[in-house]
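Note sheet for the following structure.
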């Protein structure tokens, strides 16, 4: 099953290359997150925020770890 990052990217109609460019990250890094080689839930905060800004979404729209989501809800 596709992760939330990939689903949001597809929802916005962006290619991997275009999202990587908009977020200012290397396309291979994005591919690793989407393919599950790297755990997106544990990415650095600056990387997470770059994707949120590029996709015009909230962090909770991209994270699927329930513990992190609970912490985000408490924070907000």
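Just so it is clear, none of the values below were taken in a lab; they were calculated from the coordinates. These numbers come from a predicted model, not from an experiment. Counting neighbours? That spans all protein chains shown, and the Cβs are built from the backbone with ideal geometry, glycine included.
Hey, among the residues in segment 1-13 that are touching a residue at least 40 places away in the same chain (Cβ under 8 Å) and outside any helix (DSSP H, G or I), which one's nearest to residue 67 (Cα to Cα)? Only one residue tops the list, namely 3.
For segment 5-20, a residue qualifies if it is touching a helix residue (DSSP H, G or I) at 6+ places or on another chain (Cβ under 7 Å) and loosely packed, with under 14 Cβ neighbours inside 10 Å, and exactly one does: 17. Taking each residue of segment 21-38 that is at positive phi and without any contact (Cβ under 8 Å) to a residue 40 or more places away in the chain and looking for partners that are in a loop (DSSP other than H, G, I, E, B) and surrounded by 15 or more Cβ atoms within 10 Å (Cβ to Cβ) with beta-carbon atoms closer than 8 Å, six or more apart or interchain, yields 36/3.
Here the condition is being farther than 19 Å from residue 15 by Cβ, out of contact with any strand residue (DSSP E or B) (no Cβ under 9 Å at 6 or more places or on another chain), part of a helix (DSSP H, G or I) and in contact (Cβ under 8 Å) with a residue 24 or more places away in the chain; of 53, 63, 68, it holds for 68 alone.
Condition check for residue 20 on (1) under 16 Å from residue 4 (Cα atoms); (2) over 12 Å from the mean Cα position of the chain (by Cα); (3) part of a helix (DSSP H, G or I): one failure, at (2).
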